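Below is one structure, written out as structure tokens; comments come after it.
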Amino acid sequence: MATKQIRNFMLLFIIIFGFQKCANQMSPPGGDDDKIPPTVIETYPENGTLNFNEQFVEFSFSEYVDKNSIREAIFISPLIDGVLEYSWTNKTVEIIFPDTLKKNTTYSVIVGTEVKDVNNRNPLAAPYILTFSTGSKIDSGKINGKVFSNNSEGTLIFAYKDFSDTLDILEDKPSYISQVDEKGNFSLVGLGRGKYKVFAVKDEFKNNVYNIGEDQIGIQSDKIELKSDSSFVSNLNYFIEIDDTLEPHLQKVTMTDKNHFVIEFNEAIDSSRLSINNFIAYDSTISKAYNFKKIFKGNKKNQYILGFTDSLNIENSLYLNVTEMFDLHQNILQYESNSFIPSDKSDTSGTSIDRIETKFGRNTIDFLKPQFEIYFNDTFDPISAKRGIKLETDDSVYVPIKFNIIDDASIRISTIEDLKPKMKYFAIVNLKYFEDLAGNKIDTTIKTRLLTINKFDFTGALGNVVTSDKVNIKVNLQSIERTGTNYQIDLKDDSTFKFERVVPGEYLVWAYEDKDSNNIYSSGLVNPFKLAEKFTYYPDTLNLKARWPVGDINIDFN
């Protein structure tokens, strides 16, 4: 009898254990990965609740979510002081406020896209917004817009209400906050009447304050005012970028031989304002300064090479001094001095061709106003160099050309007359005319084939712009495949635009109001505050094929 009872007990234990094991949450073996994002399926209070007087809210999700991820994903507008507390029951989180909410105030609690599910780390597809009021009405003012960026994920929208000229977004936290979705769209809700300043901020430190030089920022293009509690402002577009207010710096100085200094900066330099006069080699032991002879762009990012002909005493203390250096944002480095290790190594290599660049790539040039650039690995005398470059037809007929010196190691070649389409030409460079600072030259001739493009290989795009202000509108056709390829034209008086002789490919179309008439989009200023120029995008990507221009492109600023 005892044995039978023991056997029955063991059987019951196995059944219960097996049932519990089956009941555990486990991902099913095999099959496709779970790519379905979590969603908010229920909230407390419900959206639109009035006279709310609790000190907590709740969100229930469609599946289990990572508890740590939600702590970085909760934003409350207007902002409240103190630290939130979190309490979990299965798939529901209770968020407890540190203090009583303000009376007669509309609140929005945003669950951001940082929330991820447990199994496959799928993020919330779009921010979820819960709006309620501690009073008898809900402010229903709204501001909508979009952030245009290669990676807008995690970008926040900072809104400051009833601002004054004393607003400092480096110190002041926003009155209202929201987050963009995966497509860059955002919505600020629950807003009351008043004037606002609204910024798009990639808040890297997650401290709800703009950190200059660290956070990317976008500035509004229009003044924003909600004239009633139900006003609606839409179509606010933002580009975000680092607001660079810091001066550039010289990161590295290397004297590779007697005649060359390789220098590297921490950021891109305005090459149009760069010359050998910005640099001095200084021997502090004998208090003597030395000038440079040449300067040209190196192959690495933010790198330049200085040509030198004087002799240095390698036993002395030597410095490279830099003065009045500008970056692309026109921040100026007034003065900087870097020590360097001198070299007494002789340069024996001679100047050779580094590369030839053409507008269309693959050594293909246009037949109308054709041009191409030749980049050398060292400096040369420009007067002598002109004797060493020729352009010939396939049957050795000389083509008259013009020379334009880009820098001390590169030259742009253009023809005096147009060429014939779909024909072979040859760029001939005799390197014996390219003597470097050490007197080295190479007695050889380089012959490079160039092919003119077929006149039927071009495409185009045309359309019109809808805007209430037709003053100085610039329309851009921007290549997706070729970085830096951008066609820009002015809007015509009848609000139409037409791009011709466009290289086939995929393009984006956008336009902006060039209010400062500098032919460059201006993104505004944080301090002193200056509005960005207004812009808008055509919603679709254009796939432009040869001989098949695309028409009826409608760009609407409204």
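The values are calculated or read from the model by the stated rules, or taken from the named source; none is laboratory data. This is a predicted model, so every value here is computed, not measured. Every residue, glycine among them, receives a Cβ derived from its backbone with ideal geometry; neighbour counts consider all protein chains shown.
Brief remarks on what is shown
- Residue selected from the range 258-268 under the condition under 11 Å from Lys301 (Cβ atoms) and buried (at least 17 other Cβ atoms within 10 Å of the Cβ), by the criterion nearest to the chain's Cα centre (by Cα): Glu267
- The range 314-331, subset over 35 Å from the mean Cα position of the chain (by Cα) and of a type in the set (A, V, I, L, M), residue nearest to Glu247 (Cα to Cα): Leu318
- Some residue of the range 366-381 being among the β-branched types (Val, Ile, Thr) and over 21 Å from Ser271 (Cβ atoms): no
- Annotation: of all residues in the range 483-509 being within 17 Å of the chain's Cα centre (by Cα) and without any contact (Cβ under 8 Å) to a residue 24 or more places away in the chain, the one that is surrounded by the fewest Cβ atoms within 10 Å (Cβ to Cβ) is Gly484.
- Residue count for the range 192-218, restricted to those that are in contact (Cβ under 8 Å) with a residue 60 or more places away in the chain and crowded, with 23+ Cβ neighbours inside 10 Å: 3
- For the range 269-286, the count of residues that are in contact with a Leu (Cβ under 8 Å, 6 or more places away or on another chain), aliphatic (A, V, I, L, M), within 26 Å of Tyr375 (Cα to Cα) and surrounded by fewer than 17 Cβ atoms within 10 Å (Cβ to Cβ) is at least one.
- Looking at the range 329-378, the strands (runs of 3 or more DSSP E) lying wholly inside it that each contain 3 or more residues that are in contact with a strand residue (DSSP E or B) (Cβ under 8 Å, 6 or more places away or on another chain), closer than 30 Å to Tyr487 by Cβ and of a type in the set (Val, Ile, Thr) sit at 353-358.
- Subset of the range 389-412 (residues that are closer than 17 Å to Met423 by Cα and touching a Pro at 6+ places or on another chain (Cβ under 7 Å)): none
- Residue in the range 59-72 that is in a loop (DSSP other than H, G, I, E, B), assigned by TED's automatic domain parsing to the domain that holds Val198, surrounded by fewer than 12 Cβ atoms within 10 Å (Cβ to Cβ) and touching a residue at least 12 places away in the same chain (Cβ under 8 Å) present: no
- Cβ separations smaller than 6 Å between residues 6+ apart or across chains give the following pairs from the range 28-39 residues that are under 10 Å from Ser62 (Cα atoms) and among the polar types (S, T, N, Q) to residues that are at pLDDT 50 or above and part of a loop (DSSP other than H, G, I, E, B): Thr39/Ser62.
- For the range 97-116, the set of residues classified as surrounded by fewer than 17 Cβ atoms within 10 Å (Cβ to Cβ) and either among the charged types (D, E, K, R) or not in a loop (DSSP other than H, G, I, E, B) (or both) consists of Asp99, Lys102, Lys103, listed by residue number.
- Selection status of Asn235, modelled with pLDDT under 95 and in a loop (DSSP other than H, G, I, E, B): no
- Among residues that are without any contact (Cβ under 8 Å) to a residue 12 or more places away in the chain, more than 25 Å from Lys173 (Cα to Cα), part of a loop (DSSP other than H, G, I, E, B) and of a type outside the set (A, V, I, L, M, F, W, C), Asn119 is not included.
- Among the residues examined, Ile411 qualifies as buried (at least 19 other Cβ atoms within 10 Å of the Cβ), modelled with pLDDT of 95 or more and in contact with a strand residue (DSSP E or B) (Cβ under 8 Å, 6 or more places away or on another chain).
- When residues of the range 387-408 are limited to those that are free of Cβ contacts under 8 Å to residues at least 24 places away in the same chain and touching a strand residue (DSSP E or B) at 6+ places or on another chain (Cβ under 8 Å), the one surrounded by the most Cβ atoms within 10 Å (Cβ to Cβ): Ile401
- In the range 290-307, the residues that are surrounded by 12 or more Cβ atoms within 10 Å (Cβ to Cβ) and not aromatic (Phe, Trp, Tyr): Asn291, Lys293, Lys294, Ile295, Lys297, Gly298, Asn302, Gln303, Ile305, Leu306, Gly307
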